[in-house]
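Here's the structure we're looking at; comments come further down.
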Amino acid sequence: MSAPIAGRAVFGVAADLLREAASRKWFLAFGGVITLALAATGMFLRLDVVDGALAATRFFGKDLGTSIMSVDVVLRPLYRAVAYAIFYGGSAFGILACADFAPSLLSPGRIEHLLSLPVRRWELLVGTFVGVLAIALLGACYGAGGLVLILGIKSGFWTARPLMAAALGGAAFAAIYAAMLTMALFVRSAAFSAAAGGLLFTAGIVASYREKISPMFEPGVGRGIFRAVTSVLPRVAALADTAAAIAARDAVDRGALWSLLVGLVFFAAAVLAIAIWRFEQKDF
Amino acid sequence: MKRRRFLFPLAAILLLGLGAYFMGRGDEPEKRPEAQQVHFPTHLRSEEYQRLAKRRTLRPEIAKALAQAAQPDAEPPPRRDPMLAALPPAAPGKTAVVFEANALRNSPIGELMLDCMRKQHGQNPFDEFQKDTHVDPLVDIDRVAVTSDGMMVSGNFTNANWDFLFNHKVSPTSYGQSGQIYVSPSEDSEVGAVGIWNNEMFLTGKDVASVQAAIDRLEGRTPPGPQLISEEDTYGEVYGVISPSDLGAMFGSDNKELAAKLSEVASEVKLHVDAQSDVAMVADLSGPDAEKVSDLGKSLGGVLSLARLKAQAEGDQDLAQLLDLAEVDPDDGRFRAKLALPMSLLEQKLAWCREKSDAGAP
């Protein structure tokens, strides 16, 4: 009999979490809303494309009075809006909907049962994190992918950029969820977990503008503290802007994007390291 | 076990530090390129209202106004802009485009073009002209209008010497109150006559009659009719009306069908170009048949789109970027075509014009 592969249980835990999410009304309703929006777009949006230019746009039979331009140029604001909606809307929904995954995992009775299984503690945590990351990416890619498919069929213009933007949104949420998971290990409460997510989400937006905000602080201790605290936080708004720019084919500084992404991965890893440390110390 | 206890907190601190380092690299504002935004001219702005008010200097009907003043109920006629008054009256097929020469000269594109001319000629490109006429085009010329009948230039020509006209072979004859006309000695000349009015306007025409007609309009001997360019349309650094056939001729041989359709469908094309920062052009096209105008707008949009796709396919990123900013806005029985030339792109393309001056800059 071969020895179990280290970390393999992570995917088992993640799959369990996906099954749990699929059975929750919140997620079903969210999926239903996205499906309805896509179906309405598919059925009622009519794009009149002439030689690659969008000559007219009708929604529910009403002419929207759009300019006659190259179809990909016309669709840019739409893709930009969708990228922002997925990024901010998806993150806000995820913070609320995923807040009680970790507290329920740690609930008396369930955690003892899980720890009695041949699963390491860190695998439980990382599995939960990977499961939530998968939910975030699936939700974002379902919305963006559906829209790309519908607009691609209707306009003949195909692009994978909104999917890339959606994936970026999913990745940013995963970093926020790492903090929510860690909070649940200190205080087993869905409300605290959601509050931690909301706080980090907001602080991450502030951190994106730290270069502009910090001169407003008096030079010295105050500014130093602001800069030190915001330096470690994920740049939520900067990532949202980059995701929207990617979706809308605007110029993107690839170096800055990679820096933000690598920084995001390090942040999530750091917070997960604290979570694992706390979990290892805890008696159940 | 004790070592493991501190391993994760230490790793977390290290990872947070690394995260802060990488995210900090993406913080610098200059690393995020701004999306290109161009402001298109669509109406008179406050500075253009002021410019318009200052130019209302002409009251050719002054004698008539004085006579009317004797009657208590009579209102004096309003003052007019001499350049607009001198233009031919509105009629189908007429073209008149006014270039705000002084504003263009002081605009970013004007400065850049002058640098290019200086670079090419190695001196002030207008030196010769200034020697001949005692007119400095960079200072003395205010506006230049190109019309179907000829050209008009307004400005300060008090010190001008016009004897060089027609190789010093012609002497002027007086016309009207403040006009002087030089008639070409050659019948084959494209410019049949040149008029100078009140030392503030230079007019050319195909023949003497067209120059005389312009001076008549300036001095109020012709009843004022509908203007080819109304005051409300004097916004931008270039503005005017282009006849559809003249515009179609600009399309070149590649777009003959579109040019023919333009001549058939459009009755009027109004043009406005803003050069205060970027160069942004707006063309308003209208015609009697709303459906045909709408189809023409779609065709034009298609041509722009195809040109953009072609530019992308051929790797011509500059042209593709220009055409990104091109659009056609349809409206009831009319449409508005927009095209822009970002200043940053022009500066990049014409960087050679400023190489010497940049190198010499402190």
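Computed quantities for the displayed model
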quantity	calculated
Search result, residues across region A:222-236 that are surrounded by fewer than 18 Cβ atoms within 10 Å (Cβ to Cβ) and not β-branched (V, I, T)	A:G222, A:R223, A:G224, A:F226, A:R227, A:A228
Selection status of B:R3, touching a helix residue (DSSP H, G or I) at 6+ places or on another chain (Cβ under 9 Å) and modelled with pLDDT under 90	no
Hits in region B:116-136 (condition: surrounded by 17 or more Cβ atoms within 10 Å (Cβ to Cβ) and at pLDDT 85 or above)	B:V135
Any pair with Cβ under 6 angstrom, 6 or more apart, that starts in region B:314-337 at a residue that is of a type in the set (F, W, Y) and ends at one that is buried (at least 20 other Cβ atoms within 10 Å of the Cβ)	B:F335/B:L285; B:F335/B:G297; B:F335/B:V328
Complete set of residues in region A:254-279 that are among the aromatic types (F, W, Y), more than 7 Å from chain B (Cβ to nearest Cβ) and touching a residue at least 24 places away in the same chain (Cβ under 8 Å)	A:F279
Odd one out for A:L257 among (1) more than 17 Å from the chain's Cα centre (by Cα); (2) within 16 Å of B:M23 (Cα to Cα); (3) at pLDDT below 90	(1)
Test set (1) within 14 Å of another protein chain (Cβ to nearest Cβ); (2) over 30 Å from B:E47 (Cβ atoms); (3) in contact (Cβ under 8 Å) with a residue 40 or more places away in the chain - B:L285 fails condition number	(2)
B:A266 vs. criteria modelled with pLDDT under 90 and crowded, with 21+ Cβ neighbours inside 10 Å	yes
Subset of region A:205-222 (residues that are away from chain B (no Cβ under 14 Å) and in a loop (DSSP other than H, G, I, E, B))	A:F217, A:E218, A:P219, A:G220
Region B:217-230, residues that are outside any loop (DSSP other than H, G, I, E, B) and at pLDDT 90 or above	none
Identity of the residue in region A:94-125, at pLDDT 85 or above, closer than 15 Å to A:F30 by Cα and not β-branched (V, I, T), that ends up nearest to the chain's Cα centre (by Cα)	A:G94
Any hit, region B:12-26, residues being at pLDDT 90 or above, assigned to a helix (DSSP H, G or I), surrounded by 12 or more Cβ atoms within 10 Å (Cβ to Cβ) and away from chain A (no Cβ under 14 Å)	no
Subset of region B:289-323 (residues that are assigned to a helix (DSSP H, G or I), charged (D, E, K, R) and surrounded by fewer than 18 Cβ atoms within 10 Å (Cβ to Cβ))	B:E291, B:K292, B:D295, B:K310, B:D318
Residue in region B:326-336 that is nearest to the other protein chains (Cβ to nearest Cβ), counting only those that are surrounded by fewer than 22 Cβ atoms within 10 Å (Cβ to Cβ) and of a type outside the set (D, E)	B:R336
Complete set of residues in region A:125-179 that are among the hydroxyl-bearing types (S, T, Y) and under 13 Å from A:G90 (Cα atoms)	A:Y142, A:Y177
Filtered residues of region B:27-59 (kept if in a helix (DSSP H, G or I) and at pLDDT below 70)	B:P29, B:E30, B:K31
Qualifying position, being away from every other protein chain (no Cβ under 14 Å), among the β-branched types (V, I, T) and within 21 Å of A:A92 (Cα to Cα), among A:T242, A:T230, A:T182, A:T202	A:T202
Only listed residue being out of contact with any strand residue (DSSP E or B) (no Cβ under 8 Å at 6 or more places or on another chain) and polar (S, T, N, Q), chosen from B:S186, B:S178, B:S210	B:S186
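The values are calculated or read from the model by the stated rules, or taken from the named source; none is laboratory data. This is a predicted model, so every value here is computed, not measured. All Cβ positions, glycine included, derive from the backbone under ideal geometry; neighbour counts span all protein chains shown.
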